[in-house]
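All remarks here apply to the structure that follows.
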Amino acid sequence: DGIRDRDVTGVQTCALPISLPAESLASRLSYFLWSSLPDEPLLQTAVNGSLLDDQQLRTQTQRMLQDPRIAAFAREFFGQWLRYRDYPARDPVNAAAFKWYDDSLRAAMAEEPVQVFTQLLQQDRPLTELISGDTTLLNERLAQHYGGLLEQNYRRVRDAGQQQLASTGLTETQQQAAQLWLPVAGLREAGRGGLFGMAVVLAKNSAGDRTSPVKRGFWVVHKLLGEHIPPPPPNVAVLPAKETDTDGKTIRQLLALHTEDSKCARCHLRFDPIGLAMEGFDSIGRARSKDLAGRAIDNAVQLPTGEQARGVAEFSEYLAKHRRKDFTKTLARKLLGYATGRSLQ
């Protein structure tokens, strides 16, 4: 929180590089990647001064990336930037409305992005997989929650892994520990893809009892694409708290009425289509074909290119192709701000 969470509006560069004592560099590197104290190998390079050598700095960085403690970076940097770090303590879900939703599912939902981002860093995979990736990591509870193809793929990977582990002579407890989180492919075929199909993202940007295309779309354009969206004008009409309290209209129809006001349309046209493409998932990230009032879901949207996209999988392909520079620029700015612990101007 605090400085690291502030939005940045620009980058001011220095004309000359800034040199640091080796001990300070070791401390900054360790808190940057691990959110913790330097370990003994890193301290040794600081003591003998070799950490100031570019090659040694790269060597230590690569070593630290492969350490399990890099999960702290996935939790802190990505969690602060994408606003899921506080999910277990401050999720907006009305648990009473979803009997399936419990503490174990809440914890699994919050852990999924940490697992995915950690693997992405350690395997040096393209960061654009955040918006168009086809693979995630699931545990048993989250696989059950996603259901369908992803649950089937999880069980297939789990069963294959159990056979392989059984041949290694590991104890049953060790085998169970090794199977906690498993890589599962098929996100796009299941209608998901990248961040947009993660339950924690869908739930975090919902409205308790119902989905919120406005919150979901705003999160994408503001957090991922770096667009500045001004606050809404005063006395804006509020959507009903439940999908069953809409006088027969769908959320999509209510949003269309809302954007008839030109003052509202200026901003809503920038993010409503993204949020509507995510309507195939309920408030806790389950795939759905009908809303809570029993009406068929319409997740087809018009793209700025004039083409139509249906659902998260197709819309994420558009973002990866046409908004990639906006995403990478935003990521770089957020990363620099987090690394230095300062807001950027």
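Distances between placed amide hydrogens fall under 5 Å for VAL184 paired with THR136, LEU137, LEU138, all partners being 5 or more residues away or on another chain. Looking at the calculated P(r) for segment 20-127, what percent of the C-alpha pair distances fall above 17 Å? Above the 17 Å cut-off, segment 20-127 has 60 percent of its Cα pairs.
Placing a label point 7 Å from the Cα of ASP39 along the Cα-to-Cβ direction, the residues of segment 178-201 whose backbone N falls under 20 Å from that point are 178. Seen against the Cα atoms of the chain and their longest principal axis, helix 103-122 is set at about 50 degrees. Sorted largest first, the principal axis extents computed over the alpha-carbon atoms of the chain equal 72, 59, 36 Å. Mind scanning LYS204/LYS321; LYS242/LYS334; LYS290/LYS334; LYS223/LYS263; LYS215/LYS334 and naming the pairs with a C-alpha gap bigger than 30 Å? Over 30 Å Cα-Cα: LYS242/LYS334; LYS290/LYS334. Site pair LYS249 and ALA185 shows an inter-label distance of 4.5 nm when each label is modelled 7 Å from Cα along Cα→Cβ.
For segment 191-248, with all protein chains in place and a probe radius of 1.4 Å, 59% of the accessible heavy-atom surface sits on carbon or sulfur. Name the shape class, rounded, prolate or oblate, that the alpha-carbon gyration tensor gives for segment 48-87, where a ≥ b ≥ c are the square roots of its eigenvalues, rounded holds for a/c under 1.5, and otherwise prolate holds if a/b is larger than b/c and oblate otherwise. Note, shape of segment 48-87 comes out prolate. With θ taken as phi - 60° and the Karplus curve 6.51 cos²θ - 1.76 cosθ + 1.60 applied, the whole-hertz 3J(HN,Hα) list for segment 77-90 is 5, 5, x, 6, 4, 9, 6, 10, 4, 8, 4, x, 9, 9 Hz, x standing for glycine and proline. Helical content alone sets the calculated 222 nm signal of the chain at -14000 deg cm²/dmol, taking -39,500 (n - 2.57) per DSSP H segment of four or more residues and averaging over every residue. Dividing the mean sequence gap of close Cα pairs (under 8 Å, 6+ apart) by how many residues segment 6-159 holds gives a relative contact order of 16 percent. The simple Förster model, with R0 at 35 Å and r as the Cβ-Cβ distance, assigns LEU303 and ALA332 a FRET efficiency of 0.85. Rolling a 1.4 Å probe over the protein heavy atoms gives the chain an accessible area of 52 Å² per residue. Rounded to whole numbers, the Karplus 3J(HN,Hα) couplings from phi for segment 313-320 are 4, 6, 5, 5, 5, 4, 4, 5 Hz, using 6.51 cos²θ - 1.76 cosθ + 1.60 with θ = phi - 60°, and x at Gly and Pro. Mean separation of Cα pairs under 8 Å and 6 or more residues apart, divided by the residue count, gives the chain a relative contact order of 20 percent. The GluC sites (Glu not before Pro) found in segment 229-297 that occupy coil by DSSP, while having at most 12 further C-beta atoms within 10 Å, are GLU260. Over segment 276-345, what percent of the accessible surface lies on carbon and sulfur atoms, probe 1.4 Å? Accessible surface attributable to carbon and sulfur in segment 276-345 totals 48 percent.
The values are calculated or read from the model by the stated rules, or taken from the named source; none is laboratory data. Note that the coordinates shown come from a computational prediction; the quantities given were computed from them, not determined experimentally. FYI the Cβ positions are ideal-geometry reconstructions off the backbone, even for glycines, and counts take in every protein chain you see. Protein only, heavy atoms only, side chains kept; ligands, DNA and RNA dropped before computing areas. Shrake-Rupley method; radii C 1.70, N 1.55, O 1.52, S 1.80 Å.
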